[in-house]
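None of the figures in this text is laboratory data; all of them are computed from the coordinates on show. This one's a predicted model, so the numbers in the text were calculated from it and none came from an experiment. Virtual Cβ from ideal backbone geometry, glycine too; neighbours counted across all protein chains shown.
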Amino acid sequence: MHGSEQFSASQMMKDVIAADMDVSILDGLDERDITRSPNVYEWVTNRRFLNVDPFPRQVEILLKLFEEVCPSKHCTDVDYWFHNVDSADNPIQVDTRIDDMLERVTLFNHGVCPKCGRSDRFYSRGKNPRRIRSYEEINGLAGMRSSKTVLVGRFIATYQLHRYLTIPNPSKFYGLLPDTNVFISFTASSKKQALDTLWDHFYSAYQGCKWFQEYNSFLDVAGEKLGREMYQVAQEFIKYNHKRIVARAEAPNVRTIRGLTRFLAAIDEIGWMSTLEAEGKTKVIGDADGIHTALEKSLRTIRSAAENLRRRGVSNVPTALMCNVSSPSDIQDKIVRLTESSKTRRLHFAFHLPTWEMNPNIKENDPSLLEESEDELEFLRNYAAIPPLAARPFFGSAMAIKAVGESVDKNRRPLFSYEPVIENGRVHVELKDIVTDHRIPRILALDAGEKDNSFALSLMHVEFPQTVNSNEMPKIVIDQLIEIIPDPDAGLSVSFAAIQERVIDVILNQFRVMYVIFDRWQSSHSKSLIESTDYQNSKKVKPVVVSLRYDDLSRVRASYTNGQVRIYQAEEEEMHNLIHEYAVGTGDVKGQAMRKIGNMLNVVSGRGCYDHVVTRFLIQLLRLRESKGAHKKVLKPMRDTDDLWRAVAQGVSFLMQEETMVQFARWDRTSAKKGGRYGGVSIHRMTDIMTNPHVYDSRSTSQLRGQVGGGASLVRRSKPWG
């Protein structure tokens with residue numbers, strides 16, 4: 001029965017699934033005359049089936065995913081065919097003629113090679129690198145408009161449904177209980193998106209497919225004879241009652257998608273699921289990792305049964321498939337991690353391709369692609385499928401990124417080193433090689449994340465020009481960073497008491513620290529302890545609470561853009577050059593820099609990493625995210641902390657205040673003094689620039705230099721396109 005009238009789809013779905021049909025009815029249902037597609041290529045192209053002209057790359061992916069090419073060198077040009085789809089050695093190009101491709105391979109017919117007569121079961125044994133694996137998951141990282149949703153929803157999902165429907169009795173075949181429903185499930189960042197994308201392609205292909213029309217007509221006749229409703233087709237689900245097969249779109253709710261038995265699950269744009277959730281644009285109950293895990297577990301029953309059947313010598317056995325094909329949003333998003341991990345997973349099929357390597361109708365130099373992109377980073381993300389360091393980076397402009405790299409002073413060194421100390425599962429650090437200095441006034445900014453089991457600090461000072469007539473602006477110098485992020489899975493946690501005694505108190509005794517900066521959430525005990533303690537030379541240190549809003553953080557970003565922040569040499573010396581190439585490079589240069597920084601991130605990230613602190617901080621800056629909308633927020637990097645950034649931002653924000661800057665100038669024994677001005681630039685002018693970044697960003701560099709002196713590095717925001 002085909003239904004198109006308006007009704008409660010969710011209620012009808014519950015009624016349909018609750019309806020009990022005895023699958024033993026299949027024993028009296030003769031489906032021997034039902035045609036079955038010999039392979040996926042015929043399914044997509046033959047007019048008896050989908051009757052579609054696919055792209056050459058889609059044909060390659062489909063045949064390699066379902067492994068329906070005979071791997072014998074006597075039947076197939078193995079040197080031509082057996083390459084990863086995205087390999088530089090792959091001779092198949094985006095515009096390769098499909099006929100040319102098929103001339104060099106032999107396709108299986110129902111799992112058997114028509115040339116050598118051997119089955120896919122024969123080629124799944126042994127250690128031959130070309131042996132059939134029976135892939136269980138496809139993970140594709142691809143650009144926008146590459147027809148990836150067509151690939152999954154229209155081709156893979158309909159072929160999977162066709163294969164299961166042509167199994168005479170799926171419950172008996174897979175050893176399931178007779179009343180077990182098996183599902184095809186599509187989901188996305190919302191049920192509406194799943195309906196509008198994967199489900200829409202699946203449903204449209206289903207409705208237009210001659211085979212499904214003929215099969216449903218066969219069931220109509222059988223249903224009339226048996227007095228049963230054999231199937232139901234509605235706008236949001238399809239159910240075959242006689243085989244207990246259900247296809248539907250589902251909301252991304254980890255609680256409701258658990259527990260079902262599935263033979264196909266697909267997530268649309270999984271790379272954007274957590275990003276959209278963080279921006280408040282959608283409500284995902286459980287993150288992308290949780291949704292993927294829940295769906296993957298639901299495929300285990302069919303996968304195990306299929307593996308057992310193959311071991312018993314049964315050929316052409318469909319297994320349960322997980323499909324994730326998405327464009328990237330962030331270098332740590334789920335599709336990027338899935339594609340990377342698939343390199344070492346034998347049963348995972350993966351590819352990473354730009355739009356113009358998937359869709360032959362779109363060229364890399366198509367001007368419309370540039371016009372649709374706000375900047376080159378967006379172009380590389382959306383079409384080259386090169387994941388950015390952050391989805392919507394807070395340090396997003398080329399000038400801001402460049403300034404992060406230029407903040408590194410290769411001639412500066414840290415004031416001390418430190419090593420982690422673990423005592424009874426509690427972690428702190430021991431300071432070593434301390435260069436004691438009671439001359440320069442400093443501040444100590446702390447970010448103690450007791451809830452997140454982490455700690456970070458930044459020791460900073462203001463460096464004033466050394467000559468009266470200098471055109472230089474004062475600089476905020478980050479002298480030292482410390483970060484502690486123990487792994488709770490290893491039973492470790494931060495020892496805040498030991499940090500107070502062996503880190504904070506040591507720093508306050510060894511350096512001329514005037515203020516300790518806290519945020520409003522941090523320990524009042526630590527604040528009162530510092531306030532009541534006399535440190536070396538009977539020095540009092542004043543604790544200050546700083547609460548940062550979005551505008552405050554924007555001013556900190558402007559201080560970077562204006563060249564007012566410096567930090568000591570990063571542990572990875574090439575970091576400065578990589579950030580520069582990431583900022584101002586174009587095309588392959590920028591893309592390669594992004595990849596190298598991404599690779600470096602894998603080395604320096606994660607809990608338990610106590611070194612590489614400057615490199616981690618620089619990457620953290622580039623990976624900070626900015627929410628959209630009227631009430632903007634600065635968000636943590638995906639799957640990472642922002643403690644170092646918070647510690648530095650608190651300190652910079654405090655030092656940017658005019659009253660603070662003037663006070664530090666008076667304290668600084670080496671600064672040049674003349675009429676309240678330091679060098680050629682007044683303190684008032686500098687703090688005006690730092691506290692009103694949007695005013696100065698809107699003017700030209702030359703205008704500003706004319707006002708504040710040639711040494712001021714002040715820039716105008718503009719698109720990289722010019």
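Length gain on complete extension for the stretch LYS539 to GLN592, per 0.36 nm per residue less the alpha carbon to alpha carbon distance?
Here the segment from LYS539 to GLN592 would lengthen by 14.0 nm.
Stretched out straight at 0.36 nm per residue, the stretch from ARG47 to HIS580 would grow longer than its current Cα-Cα span by 186.5 nm.
Of the trypsin sites (Lys or Arg not before Pro) in segment 370-437, which ones lie in a loop per DSSP and count no more than 15 other C-beta atoms within 10 Å? Those satisfying the criteria are LYS410, ARG412. Shape summary of segment 40-132, radius of gyration then Dmax from alpha carbon positions: 13.0, 38 Å. Take the residue pairs LYS64/LYS243; LYS475/LYS527; LYS73/LYS363 and return only those whose Cα atoms are more than 31 Å apart. In this structure, LYS73/LYS363 lie more than 31 Å apart at Cα. Loop-located GluC sites (Glu not before Pro) across segment 477-575 with a Cβ neighbour count of 16 or fewer within 10 Å are GLU571, GLU573, GLU574, with loop assigned by DSSP. Among the listed pairs LYS590/LYS632; LYS148/LYS192; LYS191/LYS239, those whose Cα-Cα separation exceeds 24 Å are LYS590/LYS632.
Based on alpha-carbon atoms, the Kirkwood radius and the radius of gyration of segment 580-651 give Rg/Rh equal to 1.01. For segment 387-425, backbone nitrogen atoms closer than 15 Å to the point 7 Å from ASP437 Cα along Cα-to-C-beta are found at 409-417. Averaging the Cα positions of each part gives two centres, and for segment 371-408 and segment 292-310 these lie 40 Å apart.
Find the relative contact order for segment 145-304 and round it to a whole percent, using C-alpha pairs within less than 8 Å whose residues are 6+ positions apart. Here the relative contact order equals 29 percent.
Remark: segment 99-223 is approximated by an ellipsoid whose semi-axes, taken from the C-alpha gyration tensor as √(5λ), come to 28, 23, 17 Å, largest first. Taking amide H as placed 1.01 Å from N in the peptide plane, ASP268 has its amide H under 5 Å from the amide H of THR187, ALA188, each at least 5 places away in sequence or on another chain.
Normalised by the number of residues in segment 328-433, what is the relative contact order in percent for Cα pairs under 8 Å and 6+ residues apart?
Over segment 328-433, the number comes to 24 percent.
Using the Cβ-Cβ distance between VAL221 and VAL314 with R0 set to 35 Å, the FRET efficiency works out to roughly 0.70.
If the chain linking HIS631 and THR344 were pulled fully straight, counting 0.36 nm for each residue of separation and taking away their Cα-Cα distance, it would gain 99.1 nm. Evaluated over the Cα positions of segment 197-284, the convex hull gives a direction-averaged projected area, one quarter of its surface, of 7.1 nm². With a Förster radius of 30 Å applied to the beta-carbon distance between PHE82 and HIS110, the computed FRET efficiency rounds to 0.85. So, in Å, what gap is there between the alpha-carbon centers of segment 54-131 and segment 143-169? Between the Cα centre of segment 54-131 and that of segment 143-169, the gap is 19 Å. Exposure proxy for HIS292, HIS110, HIS612: other Cβ atoms within 10 Å of each Cβ, ordered fewest to most, give HIS110, HIS612, HIS292.
Peptide packing for 134-141, 314-321, 493-500 was compared via the average number of neighbouring C-beta atoms within 10 Å per residue; ordered from the highest value, the list is 134-141, 314-321, 493-500.
With a cut-off of 8 Å between alpha carbons and a minimum separation of six or more residues, what is the relative contact order of segment 408-459 in percent?
Once normalised by length, the contact order is 24 percent.
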